[in-house]
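What follows is a single structure, written as structure tokens, with notes after it.
The values are calculated or read from the model by the stated rules, or taken from the named source; none is laboratory data. Remember, it's a predicted structure, so these values are computed and weren't measured experimentally. Neighbour counts are summed over all protein chains in view; Cβ atoms, including those assigned to glycine, are modelled from backbone coordinates with ideal geometry. Just the protein is used for accessible areas: all its heavy atoms, side chains included, with ligands, DNA and RNA removed. Shrake-Rupley method; radii C 1.70, N 1.55, O 1.52, S 1.80 Å.
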Amino acid sequence: MCLLPRGIRGKLKLYDKIIFTAESGNCREFMAAAILEDIGLKWDIEIAARGLVVLFPEPLNQKAEAVMISNGLPTEGCMSSPLTIEDLEGNTLVLAMESKHRDKILELFEGIDAEKVHVLSEFVGDEIEIMDPYGGTLQMYGLCYETLLASVRKLAAILNEGGSYE
């Protein structure tokens, strides 16, 4: 039996798109998306990274890029882009890095189905949100990557199980 948070149990479905999001759109979001792409799901799905405060496209954070490269993940074409209402259309799951990001999404996009937007750590049953390594050492980015790797592995297992949760 999978121990999903109460609000998620029985509601899991095969999504067409998963979007990882946080503030800037050029760090944790891309790491999480690349990890899920690398692990893979049992069906074709679009996986994206978006930011909540993106005034202009920015390249991947250099330390995040170094961590991704050292872990064999692709970094080509990683450029921040803002979360839009079009991103939220259809059968989309949005996974925020922190609860403040989920709250901001629900505030920015009034009327969006709140069941589409979750905090990654809560969705997979972890207690601690994904820390923001911005401004920290390369080791902090590595720790963030390791935390994301564990959470995204759980996410892939949950999604690949097919949604029969009680």
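Can you pull the one-decimal nm distance between simple spin-label points at residue 53 and residue 143, each 7 Å off the Cα toward Cβ?
2.3
Which value, in Å to one decimal place, does the Kirkwood hydrodynamic radius take for the range 24-132 when every pair of different Cα atoms is included?
One decimal place: 14.6 Å for the Kirkwood radius.
With each pseudo-label sitting 7 Å past Cα toward Cβ, what's the residue 107-residue 157 distance in nm, one decimal?
A separation of 3.5 nm, rounded to one decimal place.
Taking only C-alpha pairs under 8 Å that are 6+ residues apart, what is the relative contact order of the chain in percent? Kindly include the intermediate steps, with their values, before the conclusion.
Details: 283 pairs, mean separation 52.8, N = 166.
The value is 32 percent.
Using +1 on the beta carbon of Lys and Arg, -1 on that of Asp and Glu, and nothing else charged, what's the dipole of the chain about the Cα centre, debye to 20?
With Lys and Arg at +1 and Asp and Glu at -1, about 340 debye.
Across every pair of different alpha-carbon atoms, what Kirkwood hydrodynamic radius in Å does the range 61-116 reach?
13.5
Given a 1.4 Å probe and every protein chain left where it sits, what share in percent of the accessible area of the range 29-143 is carbon and sulfur?
Summing carbon and sulfur atoms, their accessible area is 52 percent of the total for the range 29-143.
Enter the accessible area per residue of the range 7-166 (Å², integer; probe 1.4 Å; all protein chains in place).
On a per-residue basis, 50 Å².
Counting only protein chains, not ligands or nucleic acids, how are 55, 106, 138 ordered by accessible area (probe 1.4 Å), most first? Walk me through the numbers on the way to the answer.
Values: 55 155, 106 55, 138 85 Å².
Sorted descending by solvent-accessible area, the residues read 55, 138, 106.
What does the range 70-148 give for Rg and for Dmax, in Å, if only its C-alpha atoms count?
Answer for the range 70-148, Rg first and Dmax second: 14.4, 41 Å.
Would the range 18-58 count as rounded, prolate or oblate if I go by the C-alpha gyration tensor, calling it rounded below 1.5 in a/c and otherwise prolate when a/b exceeds b/c, oblate otherwise? If you can, show how the numbers build up before the last one.
Values: a/c = 3.15, a/b = 2.34, b/c = 1.34.
In terms of gyration-tensor shape, prolate.
Work out, step by step, the length gained on full extension between residue 84 and residue 128: first 0.36 nm times the residue separation, then minus their alpha carbon distance; give nm to one decimal.
This chain segment gains 13.1 nm when fully extended.
Can you compute the label reach from residue 17? Point 7 Å from Cα along the Cβ direction, backbone N cut-off under 13 Å, restricted to the range 36-62.
From the range 36-62, the list is 45-51.
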